[in-house]
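Only one structure is covered here, and it is reproduced in the block below.
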Amino acid sequence: MASPRTSYSSIVEILRDRALSQPQQIGYTFLADGETESGHLTYETLDRQARAIAAYMQALGATGSQALVVYPYHAGLEFIAAFFGCLYAGVVAVTDNPPRHGKALDKLQERVISSQVTVGLTTKELLENIQEKLAQNPDLAPKLAQIDWIATDEISAASASDWHEPKLTRDTLAFLQYTSGSTGKPKGVMVTHGNLVHNSEIIYQSFEHRNDSRGVIWLPPSHDMGLIGGVVQPLYGGFPVVLMSPVALAQKPLYWLQAITRYKATTSGGPNFAYDLVTHLVTPEQKETLDLSSWEVAFSGAEPVRAETLEQFATTFEPCGFRREAFYPCYGMAETTLFISGGEKKARPKIQYVDGNALEQHRVIPVEPSRENARAIVGCGRPWLGDKIIIVDPDALTQCRDRCVGEIWVSGAGVSKGYWNLPEETKRNFQAYLATGEGPFLRTGDLGYLDNDELFITGRIKDLMILWGRNRYPQPIEATVQKSHPALRPNCGAAFSVELAGEERLIIAHEVERSYLRRLVVEEVVAAIRQAIAQEHSVDVYAIQLLKTGTLPKTTSGKIQRRTCRAKFLEGSLDVVGEWRNPHPEENRISYLG
């Protein structure tokens, strides 16, 4: 049964209600360095700051437009106030990561152009930094200089009294959640207030949250899991959350578990890699300082949930009070606001072992775990609150029976309205119909199967890679690589991933210009590729293979055959003239994460 919260028509109503009924309750605590409390927000304070920011934007005539919301990771509370300030003003929030170098301003400009923002919200510190870079190079990102920038930390709280409450309904657009497209161009998912209320209620019920729940979240607030799971959900449930910068996790992963211990968190989590990271780096002495007995929901999503990771983490931290049944594998995506499926809170994760060879042919054949080529697949639960998941043959557009692999299609009130200003892609992805005429459904592009309503995810139709918990398309990475060194042939490289040690790893295969073959300095080219990928995409590379001119697998029309490249890499049959492999991928992850 849905809670009374579902009667709200907007997230603004919920915050306004909290500010009136629980004004002094601390909703958010921020640990800027991962350890020290740098600030708090009560519901009353957040409401006042949001009204002040909204009033400022309303005075600019921004209501009904879009605003860029970009803040340094250490300014987490300012980000929250600005995000709600947009909602309070009837302005569509467009969130993005803070630019860390000059080239990142180009990407920020792409976001500005794509979303048609007219206003930018940030801190005085970051605004001065952006303006300084633009002044040094006016041609760098001229569109950034054309929008109205607001340093929200300089807005007086007294202006809150000038706020005029906008008319918001469930169909009112709340924010654009950007996700990469198959061409590498950004796509803004249009999330409404109704989407947020529905998805928040699903998370509240499936996680069995209560007023005395407590959260610890380190995920970036500019992305769906950090924003909806870490900022909106605690407000919706009326319980406090401790937030920390993702940079803190990069610097010292143990900060995450120390915060759970210190604040007796009941809910926390992240992508699979985060569990791997702390498992591999924790020392016996550090384990003695941890108490994870309060942890009730250890959610894992955003990338494939690995059975091996669950086992290793549970074994490592059981002496610290962690319980295996706390693991909560789930599945979701920006196009559905966040959550698509999840299990029962108190049940242990469901793991099925199937024949790996058969699975590649989309057949599910259960086998014993000890069987050669057995593949463990972790169940990701079921849909909630009337949402629906079906498995579809993507060619015949017919529904598959249980234990038959097909594309995952979704329908429900959490499915967003589509992509901003992309009607054709919206129709193709959000308005899919079965051959019987049933629909519309969202096509996820992911492959999986159902077994007694439990969803098991097996792969992806697209060339999409999931690295460090984030979707990565190969095209932008390939473009970065080919520009990193003159020895690399343009449009003759492939980026793909392979599963190694239970995790996806990035592989680069790229042809060398013929003129460089006799004078190739492999170390120099490899270093250039690694540095470029680290700066542009914040991921590390597991292996780089430099190929003989004209040998990269392509179609007759010149399209790169990434799956063939992957197969040849695994076979060792690519025509390699130089090669490098990362001997310590976990250490490099710490350097680039954040």
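Values quoted throughout were computed directly from the atomic coordinates according to the rules given, and no laboratory measurement underlies them. A quick note: this is a predicted structure, and the numbers were derived from the prediction, not measured. Quick reminder, even Gly has a Cβ in these numbers, built from the backbone with ideal geometry, and neighbours come from all protein chains shown.
Per-structure values
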{"read-out": "Taking W580, W256 and counting other C-beta atoms within 10 Å, the order from fewest to most", "value": "W580, W256"}
{"read-out": "Calculated [θ] (222 nm, deg cm²/dmol) that DSSP helices of n ≥ 4 give over the chain, each run adding -39,500 (n - 2.57)", "value": "-9000 deg cm²/dmol"}
{"read-out": "Trypsin sites (Lys or Arg not before Pro) restricted to segment 472-562 and DSSP loop, no more than 16 other C-beta within 10 Å", "value": "K483, K548, K559"}
{"read-out": "Cys residues of the chain counted as unpaired, since no other Cys beta-carbon is under 4.7 Å", "value": "C86, C320, C330, C380, C492, C565"}
{"read-out": "Sequence-distant lysines (8 or more away, or on other chains) whose Cα lies within less than 23 Å of K548", "value": "K483, K559, K568"}
{"read-out": "In Å, descending, principal axis extents of the Cα set of segment 352-460", "value": "50, 29, 26"}
{"read-out": "Antiparallel %, DSSP beta bridges [both residues in the chain], to 5", "value": "65 percent"}
{"read-out": "Computed over segment 1-130, Kirkwood Rh from alpha-carbon pairs, angstrom", "value": "15.8 Å"}
{"read-out": "Rough spin-label spacing in nm, given labels placed 7 Å along Cα→Cβ, for K427 and N357", "value": "4.5 nm"}
{"read-out": "Overall Cα dimensions of the chain, principal axis frame, Å, largest first", "value": "70, 61, 58"}
{"read-out": "25 Å Cα-Cα reach of K124 towards lysines, excluding residues that sit fewer than 8 places from it in its own chain", "value": "K103, K107, K133, K143"}
{"read-out": "Rounded Å value of the spacing that divides the Cα centres of segment 411-430 and segment 329-368", "value": "24 Å"}
{"read-out": "Hits among lysines - C-alpha to C-alpha of K346 under 21 Å, sequence gap 8 or more where chains match", "value": "K264"}
{"read-out": "Other-chain or far-sequence residues with amide H under 5 Å of V69's (modelled H)", "value": "V94, T95, D96, L121"}
